[in-house]
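Notes follow the structure.
The values are calculated or read from the model by the stated rules, or taken from the named source; none is laboratory data. On a predicted model such as this, the values are computed, not experimentally measured, just so you know. Virtual Cβ from ideal backbone geometry, glycine too; neighbours counted across all protein chains shown.
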Amino acid sequence: MAQTIKRVLVTGGAGFLGSHLCDRLVAAGHDVICLDNFFTSQKSNVAHLLQKPNFELIRHDITHDIWLEVDEIYNLACPAAPGHYQYNPIKTMKTSVLGAIHVLGMAKRCRAKVLQASTSEVYGDPEVHPQPESYRGNVNPIGTRACYDEGKRAAETLFFDYWRHNRVNIRVIRIFNTYGPRMHPYDGRVVSNFIRQAIQGAPITIFGQGNHTRSFCYVDDLIDGMIRMMNGPDDFVGPVNIGNPHEFTIKQLAEMIIELTGSPSKIDFRPLPSDDPTQRQPDITLARQKLGWEPRTALREGLLKTIEYFRSIKLEHFRAPTPNF
Ligand code: NAD
Ligand code: UDP
């Protein structure tokens, strides 16, 4: 049976995850609108799509309303790396909350389906391990990460209230650390930092002792889970964890990247930032049961592809964020 062509809006569509999502939706033949204010991304991420007749790029800030006619919305607009979201924390909170209100209002008016890219950060520094969706989290509401964590929690609340009160057709996924080509080389996230440092032969900066953990999901697997959730049954709205349950210490990650790049870099231990979660691993039982989804890419394999990307770009074309004094 021929597939129905949908008009799909991707907010934050020029970012790391958004650009991969646009690739997949354009390739599937949908009419894709990519909306972005380029706060943490650059046009080069979607330059290859600009000539496609089913791709449109709009420079817009989602904290302001916008009227479009669409069938589906993926709401990804929000700075995601700690250095980026802490640069202007008030703006980060506005982007999550006002952005959610604007896409939910649009979904209500257009009777569109809308998916929220939420985060494992809603669990804060978790006291339950691994984290199932039923865990309510341990977030410091006045800490340096709160602008992001609490903004995303408020956005989830808005999604569920629009669902309960206005019958908006929602989906909520909680994304765990994801990596891959098109990560911003200066976003300060651990995978991009370590690969850039290793390629440059610079010290690999481990914050703390390196025994805290994260679980890293390759971008292709993540996008697959996101699209499955959007296309899944209307009675499963989430929230659902999408991430890779294989957990690694930050030191193991550093050692693997040094090995895979053949780098002479040495490890440099630095102080751990405040409120940095000590462990994080998704319980993906629900995603397996409801979506038939699980990640397929091993860390080593995904890192090799990411290293290849970082070797292919010109670092001088990317700006480090302006320091926030
Ligand atoms: P990213 O920074 O590469 O992408 C975010 C995009 O949103 C950028 O293109 C940025 O310019 C845009 N943006 C920011 N503020 C905006 C605004 N006010 N109006 C319009 N556009 C705006 O980050 P990413 O890793 O691609 O993350 C995408 C989404 O997934 C985010 O919502 C993030 O919270 C969520 N997420 C990502 C991860 C991860 O590991 N990558 C983990 C959890 C959640
Ligand atoms: N981290 C690190 N060195 C770096 C960047 C990050 O040791 O150069 C640590 C960071 O303190 C955190 C983990 O790596 O414990 C993951 O950090 P990231 O910013 O990638 O994501 P998040 O903390 O949001 O999971």
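Numerical summary
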quantity	calculated
Any hit, the stretch 183-193, residues being within 16 Å of ligand 2 (Cβ to nearest atom), in contact with a Pro (Cβ under 9 Å, 6 or more places away or on another chain), in a loop (DSSP other than H, G, I, E, B) and closer than 24 Å to residue 293 by Cα	no
The one condition in (1) modelled with pLDDT under 95; (2) within 15 Å of the chain's Cα centre (by Cα) that residue 221 fails to fulfil	(1)
Any chance residue 148 is in contact (Cβ under 8 Å) with a residue 40 or more places away in the chain, away from ligand 2 (no atom under 16 Å from the Cβ), surrounded by 20 or more Cβ atoms within 10 Å (Cβ to Cβ) and in a helix (DSSP H, G or I)	no
Test: residue in the stretch 208-216 that is surrounded by 19 or more Cβ atoms within 10 Å (Cβ to Cβ) and not aromatic (Phe, Trp, Tyr)	yes
Contacts under 6 angstrom Cβ, first residue in the stretch 232-258 being more than 29 Å from residue 204 (Cβ to Cβ), partner more than 14 Å from ligand 2 (Cβ to nearest atom) and among the small types (Gly, Ala, Ser), 6 or more apart	240/287
Strands (runs of 3 or more DSSP E) wholly inside the stretch 194-260 that include at least 2 residues being more than 10 Å from ligand 2 (Cβ to nearest atom)	240-242, 247-249
Residue list for the stretch 268-311, restricted to those being modelled with pLDDT under 95, closer than 21 Å to residue 183 by Cβ and out of contact with any Ser or Thr (no Cβ under 7 Å at 6 or more places or on another chain)	273, 276, 277
Yes/no for residue 122 being within 23 Å of residue 13 (Cβ to Cβ) and outside any strand (DSSP E or B)	yes
Residue match in the stretch 163-176 (condition: away from ligand 2 (no atom under 11 Å from the Cβ), part of a helix (DSSP H, G or I) and surrounded by 20 or more Cβ atoms within 10 Å (Cβ to Cβ))	no
Residues that are part of a loop (DSSP other than H, G, I, E, B), within 30 Å of residue 127 (Cα to Cα) and hydroxyl-bearing (Ser, Thr, Tyr), drawn from the stretch 270-325	274, 278, 297
Filter pass, residue 80 being assigned to a loop (DSSP other than H, G, I, E, B), crowded, with 23+ Cβ neighbours inside 10 Å, within 16 Å of ligand 2 (Cβ to nearest atom) and not polar (S, T, N, Q)	yes
Counted residues, the stretch 99-119 - those being within 18 Å of the chain's Cα centre (by Cα) and either polar (S, T, N, Q) or part of a helix (DSSP H, G or I) (or both)	6
Checklist (1) at pLDDT 95 or above; (2) touching a Phe, Trp or Tyr at 6+ places or on another chain (Cβ under 8 Å); (3) in a helix (DSSP H, G or I) applied to residue 20, failing item	(2)
Residue check, residue 33 more than 9 Å from ligand 1 (Cβ to nearest atom), in a helix (DSSP H, G or I) and at pLDDT 95 or above	no
Search result, residues across the stretch 46-77 that are within 16 Å of residue 105 (Cα to Cα) and acidic (Asp, Glu)	61, 65, 69, 71, 72
Candidate set: the stretch 201-221, residues that are in contact with a helix residue (DSSP H, G or I) (Cβ under 8 Å, 6 or more places away or on another chain) and polar (S, T, N, Q); chosen: the one nearest to ligand 1 (Cβ to nearest atom)	213
